[in-house]
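Have a look at the structure below, then the notes.
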Amino acid sequence: MPVGPRPPDVSVAGFEGPLDLLLELVEEKKLDIFTVRLGELADDYLVRVRGMDRLPADEVSAFLYIASRLVLLKARSLLPSLTPASDDDEIDTEEELRLRLIEYATTKGRAEALGDRMRAGERAFHREGGTVDLPPKGGNPAALAAAWLKVLALTRRTEEEVEVPGERYSVEQRTAEIEALIAEQPAVTFATLLGDRPTLGYAIVTFIALLDLYRRLVVDITQDELFGEIRVERKVRRMEGLPE
Amino acid sequence: MTRSVSAAAVEAVLFVAEKPVSRGELAKTIGAGAKAVSEALAELEEWYRGTGLRLQHEGDDWQIVTAPEMAPYVASYLGADRLRLSSAALETLAVVAYRQPVTRAEVESIRGVNCDQTIYTLMSRRLIEELGRREAPGSPFEYGTTWEFLECFGLTSLDALPSALSPEGVRSDDAVTTE
């Protein structure tokens with residue numbers, strides 16, 4: 001659906017279009033839509049069309065199309081000997097136009113009925129939200145179990161390490177270490193940086209150090225897939241020698 | 001009057017449903033046949049008469065909605081705005097509602113004017129939607145009314161569209177000229 005500025009609805013002098021104008025003339029003159037000689041309305045129609053100024057081009061053509069039909073009908077009724085030149089379809093001009101007019105009158109009646117309902121404001125409402133929140137369907141229980149086992153393993157590992165006394169790391173220290181390492185090797189994995197049996201504290205400090213290096217544009221960090229290996233690379237376009 | 005077990009079951013399911021539920025889904029959910037579900041729905045419709053609720057359906061999809069007579073209270077509670085449409089938009093909506101599925105060219109042929117803007121307005125209000133493309137030259141989109149349309153006009157279904165509006169003796173459906 002295209003979205004953008006669009007021309008406003010065109011409603012000229014109280015009617016919605018060429019058929020509406022024609023219908024209005026029929027009603028004003030209290031004529032029967034089923035029997036009225038439509039050609040007799042040609043003059044009035046033209047007067048009304050002339051009375052409009054500032055119509056968009058495509059609207060004008062729609063009005064002129066109906067006007068030309070009416071004039072043709074009028075001409076034919078004035079000169080009964082006048083036969084349609086070549087186009088057989090033109091015989092049905094009046095009947096076709098009448099059917100369109102009736103169809104339009106029907107539509108207008110329906111629109112008015114809908115409008116009445118709209119203005120009465122008697123509308124229905126459905127219940128919005130309020131249902132129980134359930135986890136999304138289609139998850140993989142095995143993956144969830146595996147993830148949980150990893151968390152458990154990590155916890156257990158750190159518990160073992162708790163007995164190792166007093167080991168403390170500072171982010172600054174780790175940052176310097178990684179920066180030195182990355183100066184020698186263009187790329188390392190996060191796993192390498194963690195070493196064999198990292199404590200939770202060591203992992204966190206290493207991670208924060210990495211984020212800091214990333215922020216300072218010292219390294220690039222890539223990860224090809226979810227939970228995949230995190231690669232830490234020396235930032236290629238880093239300008240050596242600039243003050244940090 | 002007491003409700004049958006299936007009517008109660010259908011009511012309970014429709015009560016928690018966030019969107020319309022099909023008759024087939026209801027049958028499967030409550031473990032009853034299609035006929036039992038239809039009877040249950042008819043029973044519920046009867047039961048809701050004169051209450052604040054009623055059943056609304058589009059085709060085979062059913063939902064519990066509030067009774068249109070209670071709209072002022074519900075709207076006030078929800079802080080809902082009143083729907084306002086121009087008469088041009090209402091005309092286009094009338095064509096779509098009564099003649100769906102219908103193409104833009106058909107709407108324009110009936111109204112005799114360009115309907116780009118009104119179709120756009122009605123679509124952005126979610127009163128009509130594109131149903132798909134017609135297998136015809138140019139594959140034009142076909143439009144139809146939405147669930148929201150039924151709600152906004154307080155219609156229990158498309159069968160409840162206001163009728164007896166065509167000039168006497170003419171079946172409007174035969175009187176269409178389309179390109």
Taking B:Leu14, is it within 14 Å of another protein chain (Cβ to nearest Cβ), closer than 18 Å to A:Phe125 by Cα and either small (Gly, Ala, Ser) or free of Cβ contacts under 8 Å to residues at least 40 places away in the same chain (or both)?
-> no
State which residue is nearest to the other protein chains (Cβ to nearest Cβ) when the search covers only region B:42-68 and only residues that are of a type outside the set (D, E, K, R) and part of a loop (DSSP other than H, G, I, E, B).
-> B:Ala67
Counting only residues that are surrounded by fewer than 17 Cβ atoms within 10 Å (Cβ to Cβ) and among the hydrophobic types (A, V, I, L, M, F, W, C), region A:95-127 contains a total of 1
Can you name the residue in region B:43-95 that is under 18 Å from B:Trp147 (Cβ atoms) and polar (S, T, N, Q) and, of all such residues, is surrounded by the fewest Cβ atoms within 10 Å (Cβ to Cβ)?
-> B:Gln63
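For (1) farther than 18 Å from A:Leu114 by Cβ; (2) outside any strand (DSSP E or B); (3) in contact with a Pro (Cβ under 6 Å, 6 or more places away or on another chain); (4) modelled with pLDDT of 90 or more, each residue gets a yes or a no:
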{"residue": "B:Met70", "(1), (2), (3), (4)": "yes, yes, no, yes"}
{"residue": "B:Tyr77", "(1), (2), (3), (4)": "yes, yes, no, no"}
{"residue": "B:Ala89", "(1), (2), (3), (4)": "no, yes, no, yes"}
{"residue": "B:Val96", "(1), (2), (3), (4)": "no, yes, no, yes"}
Might you check whether a residue that is at pLDDT below 80, surrounded by fewer than 16 Cβ atoms within 10 Å (Cβ to Cβ), away from chain B (no Cβ under 13 Å) and not in a loop (DSSP other than H, G, I, E, B) occurs anywhere in region A:45-63?
-> yes
Please identify the pairs in which a residue from region B:70-90 that is facing chain A (nearest Cβ under 7 Å) has its Cβ atom under 6 Å from the Cβ atom of a residue that is assigned to a loop (DSSP other than H, G, I, E, B) and among the hydrophobic types (A, V, I, L, M, F, W, C), counting only partners at least 6 apart or on another chain.
-> B:Val74/A:Phe125
Of the residues that sit in region B:118-131 and are in contact (Cβ under 8 Å) with a residue 24 or more places away in the chain and not charged (D, E, K, R), which one is nearest to A:Val60 (Cα to Cα)?
-> B:Thr118
Answer yes or no as to whether A:Leu181 is at pLDDT 80 or above, exposed (fewer than 11 other Cβ atoms within 10 Å of the Cβ) and not in a loop (DSSP other than H, G, I, E, B).
-> no
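The values are calculated or read from the model by the stated rules, or taken from the named source; none is laboratory data. On a predicted model such as this, the values are computed, not experimentally measured, just so you know. In this analysis, Cβ positions are derived from the backbone assuming ideal geometry, glycine residues included, and neighbour counts consider all displayed protein chains.
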